[in-house]
1. Look at the stretch 328-346 and say how many of its residues are free of Cβ contacts under 8 Å to residues at least 60 places away in the same chain and either surrounded by 14 or more Cβ atoms within 10 Å (Cβ to Cβ) or farther than 15 Å from Pro193 by Cα (or both).
2. Between a first residue in the stretch 287-313 that is at positive phi and a second residue that is part of a loop (DSSP other than H, G, I, E, B), which pairs have beta carbons less than 8 Å apart while being 6 or more apart in sequence or on different chains?
3. So for the stretch 70-83 (the condition being surrounded by fewer than 16 Cβ atoms within 10 Å (Cβ to Cβ), in a loop (DSSP other than H, G, I, E, B) and of a type outside the set (Lys, Arg)), does at least one residue qualify?
4. Looking at the structure I just gave you, is Ser134 modelled with pLDDT of 95 or more, of a type in the set (Ser, Thr, Tyr), within 18 Å of Ala39 (Cα to Cα) and within 16 Å of ligand 2 (Cβ to nearest atom)?
5. Just checking, which of Ser134, Ser86, Ser91 is out of contact with any helix residue (DSSP H, G or I) (no Cβ under 6 Å at 6 or more places or on another chain), buried (at least 19 other Cβ atoms within 10 Å of the Cβ) and closer than 28 Å to Arg294 by Cα?
6. Does the stretch 141-161 hold any residues that are in contact (Cβ under 8 Å) with a residue 24 or more places away in the chain, within 20 Å of Glu85 (Cβ to Cβ) and surrounded by fewer than 21 Cβ atoms within 10 Å (Cβ to Cβ), and which are they?
7. Give me the pairs: first residue in the stretch 8-20 and without any contact (Cβ under 8 Å) to a residue 40 or more places away in the chain and at positive phi, second residue of a type in the set (D, E, K, R) and within 7 Å of ligand 1 (Cβ to nearest atom), beta-carbon distance under 9 Å, and six or more apart or on different chains, which are they?
8. Go through Tyr54, Tyr20, Tyr38 for me and flag whichever is among the aromatic types (Phe, Trp, Tyr) and closer than 22 Å to Gly243 by Cα.
Amino acid sequence: MKNILVTGGAGFIGSNFIHYMLGAYPDIRIVNVDVLTYAGNPENLIAVQDDPRYVFLHADIGDTAKMKAAFADYDIDTVIHFAAESHVDRSITDPDIFARTNVMGTLNLLNCAKAAWQIGDDQYREGVRYVQVSTDEVYGSLGAEGFFTETTPLSPHSPYSASKASADLFVKAYADTYKLPVCITRCSNNYGPYQFPEKLIPLILRNTLMHKELPVYGDGLQVRDWLYVEDHCRAIDLVARQGRLGEVYNVGGHNERTNIQIVKTIIDYVREKADPTVGEHLIRHVTDRKGHDRRYGIDPTKIHEELGWLPTTTFEVGIRKTLQWYLDNPEWVEHVTSGAYLAYYDKMYGNR
Ligand code: NAD
Ligand code: TYD
């Protein structure tokens, strides 16, 4: 694993992954392909932009010519595919782009990897690998009991999760049909630095700091299983190096919280660190998300037993680190929430 094509590296998890990898390995090159949608932000990568081991390519994963050139020009041996439309609410109002990027973009990447790496019928260059970064949302929703395992049937509900499940099935098909060396990871909800404030944690934090209403969908008792982003990055790295080909690995740290608990945790932190006047009076229960999944919960036994992965950051530590990062980086928040974000916010929450 030397020349790594990271897609979507200017987004939340991708940028954390690039920081992690360049910190951990002196002898790699990372080629980051990102088209810089509203969610892609070059500011996330300022710390590495002059690193000779880092290359940025401004391109769409659906652009076959550019992707083929990337494989050839940089002798790519590993793909870590993050690039996606990633927000469930946006997928409900505009599903088409989710099919274009998440399904067709993935298919294009698979074709380019296959073309670049194939040396004979069902045969590929030594040591090459494609990792699909997927989500637990492909499994659908849980009741009060049980967890998602790798054999849980796919049952996506939102256009986002449907597009991710479709992409996963194409990846599986390329492994089954053409023997392309692939792995798939399915992680639970991530939190950490550089997350775009359309997602629950940074959105609620920003609103709290601004004394704006805190929109909680429905009763707020939906459950998400939160993992610190760097733990996810370590899991992807392990799967890329040691995962068994053709396998799926679920990633999660048994950190289930209701949304309302998360919101209250954020209020408490802001009250302690920044503004004693904020409080739960800011919470506003708003119209629920359509088709809202009630609970996600990951069983991470397989990645633990096969690859020795365990999360290292507890929720209590990780959430404080994360919230403090946003408090320490107000310009970052300011930059990503000017312009188009305000129109988005108004459209999504104005009449909710
Ligand atoms: P994000 O929305 O923060 O970033 C997505 C990145 O992809 C952006 O930089 C964007 O510019 C880029 N991108 C979008 N369309 C592109 C295209 N056509 N060509 C090139 N680049 C494009 O997303 P994220 O939260 O960092 O998620 C990354 C991946 O991890 C996604 O595939 C997502 O499904 C998956 N995932 C996310 C979570 C989570 O909690 N955020 C959990 C599990 C899995
Ligand atoms: P989100 O961060 O969008 O992630 P996902 O939908 O992929 O799990 O949302 C996390 C949970 O928080 C989800 O149950 C929806 C809920 N939520 C709110 O209640 N209010 C909000 O403003 C947002 C963005 C999310």
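The values are calculated or read from the model by the stated rules, or taken from the named source; none is laboratory data. Model, not experiment: these values are computed from the prediction. Methodologically, a virtual Cβ is constructed for each residue, glycine included, from the backbone with ideal geometry; neighbour enumeration extends over all protein chains shown.
1. 6
2. Gly291/His157; Gly291/Ser158
3. Checked the stretch 70-83: at least one residue is surrounded by fewer than 16 Cβ atoms within 10 Å (Cβ to Cβ), in a loop (DSSP other than H, G, I, E, B) and of a type outside the set (Lys, Arg).
4. yes
5. So the residue among Ser134, Ser86, Ser91 that is out of contact with any helix residue (DSSP H, G or I) (no Cβ under 6 Å at 6 or more places or on another chain), buried (at least 19 other Cβ atoms within 10 Å of the Cβ) and closer than 28 Å to Arg294 by Cα is Ser86.
6. His157
7. none
8. On inspection, the qualifying residue turns out to be Tyr20.
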